[in-house]
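A short write-up of the structure that comes next.
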């Protein structure tokens, strides 16, 4: 895996359960379909995922963890729910620990 040659990034904003999918997208993709798509993407060399804590109400990050993180690249970010220095530092620490 060459971390310096990323050709595409897989977005996970629409990942999540039925409630999140229905509210945000009007539909949802079942977990087994996402898992199969991750395998196919990995087989094709697409291994970079864009994650954020609020994607799927934290479901996207949990799914990546469940499906396996070996040989993938994760681009994570946080959503600043409150604009307080202490809260920002807490969120960054949380993201780094995952």
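The values are calculated or read from the model by the stated rules, or taken from the named source; none is laboratory data. Not measured: the values here are computed from a predicted model. Cβ atoms come from the backbone with ideal geometry, glycine included; neighbour counts cover every protein chain shown.
Structure data summary
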quantity: Residue pairs meeting the criteria (Cβ under 6 Å; at least 6 apart or on separate chains; first at positive phi and at pLDDT below 75, in the range 9-36; second part of a loop (DSSP other than H, G, I, E, B) and buried (at least 16 other Cβ atoms within 10 Å of the Cβ)); calculated: 16/56
quantity: Test: residue in the range 86-98 that is touching a helix residue (DSSP H, G or I) at 6+ places or on another chain (Cβ under 9 Å) and either at pLDDT 75 or above or loosely packed, with under 12 Cβ neighbours inside 10 Å (or both); calculated: no
quantity: Residue that is surrounded by the fewest Cβ atoms within 10 Å (Cβ to Cβ), among those in the range 30-50 that are touching a helix residue (DSSP H, G or I) at 6+ places or on another chain (Cβ under 7 Å) and over 16 Å from residue 70 (Cα atoms); calculated: 31
